[in-house]
Amino acid sequence: MSHDSNRPRRDPARSDVYGAGMHDAAHPIPARRLTAIACCLSGVICLCVSDALAKSLTAHYSPLQLLFVRAALAFCVLLVVILPWAGPAVFRTDHLRLHGVRAVFNVGSACFFYLSLTALPLATATAVAFCAPLFVFVYSVFLFKEKVARGAWLSLALGIAGVLLALRPTVGSVGAGAVFALLAAWGYATLMVSARWIKGSEPMGTLVLYIVLGQLAISALFQPWAWQPVDPDHLPKLAGLAFFSTAGLTLITQAFRTAPASLIAPLEYSGLLWAALLGWLYWNEQPDAMFFAGAALIVISGSIIAAAGKRPTVPMKPPPPPSA
């Protein structure tokens, strides 16, 4: 499951990078928890299918063309869904420059993930992309100067060890696919933490709309060079790519909006199993014991970071936003 930024798995409007401070569902009733769990698990499946479709299409089209087609279709869907509900006010924002900066990381993260799919098995690329919480942790400590529990440092070490086990880089040599996957994770983490400079009053619909709109606008700039004629046989896959990515984004976002992140975030790692299954079914990719050991460490690491959001932290003001 890609960590591309068209799908903010963790609600970017919440107050801290760990998921603490869920303002609308600190203690949801059990029925809401079950619904949120169902939304998350269904969204994870959708996103894994989307990633598998992207992998099958990267041999024919550039990542920028895939992003453009996906964003164009997703934007149309969002307009149909959001405009009748929120009206033209959904386009109103006080952070247009920041949305532009976020759009750059959005497109970069997605492109790097798609490039990693050309060189890595689907499950391996997915596992490395799941190390994004490690970058979020680094940002929280060194950029936001937050105080974290000692166990969080252990989670960082476990996550790094997990990535090394999953990739098994040779001494002095790291494959391009591994570099692309790590850059995708870093770009996604940067997109998520940058949301702290956006006022909490800006609704979720506006955040999601500008994520998709930014992806559409930037990828459109490169189409004169990136565009290749579309094979009619690929149209169902392209439509599926847009549908499943948008559905996954919507379902997981809803899950994080109705239940604590500490409950939902670990469920995202079920995507590792689906990615491994799809890779085995369609590309005969057979992850070995070292991969599963590394994936397990990444899951444990991310779960510790998510659980850290349940503990009270010392409130810290974010640094001034970038002037870009």
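Data overview
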read-out: Among the residues listed as HIS27, HIS60, HIS23, HIS3, the single one being modelled with pLDDT of 75 or more and not in a helix (DSSP H, G or I); value: HIS60
read-out: Residues (over 21 Å from TRP197 (Cβ atoms) and modelled with pLDDT under 80) located in segment 131-152; value: LEU134, ALA149, ARG150, GLY151, ALA152
read-out: Selection from segment 41-68 of residues that are surrounded by fewer than 24 Cβ atoms within 10 Å (Cβ to Cβ) and among the β-branched types (Val, Ile, Thr); value: ILE45, VAL49, THR58
read-out: Breaking point among (1) assigned to a helix (DSSP H, G or I); (2) surrounded by fewer than 24 Cβ atoms within 10 Å (Cβ to Cβ); (3) not small (Gly, Ala, Ser), for ASN106; value: (2)
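The values are calculated or read from the model by the stated rules, or taken from the named source; none is laboratory data. Predicted model only: the values in this text are computed from it and were never measured. Every residue, glycine as well, gets a Cβ built from its backbone with ideal geometry; the counts of neighbours run over all protein chains shown.
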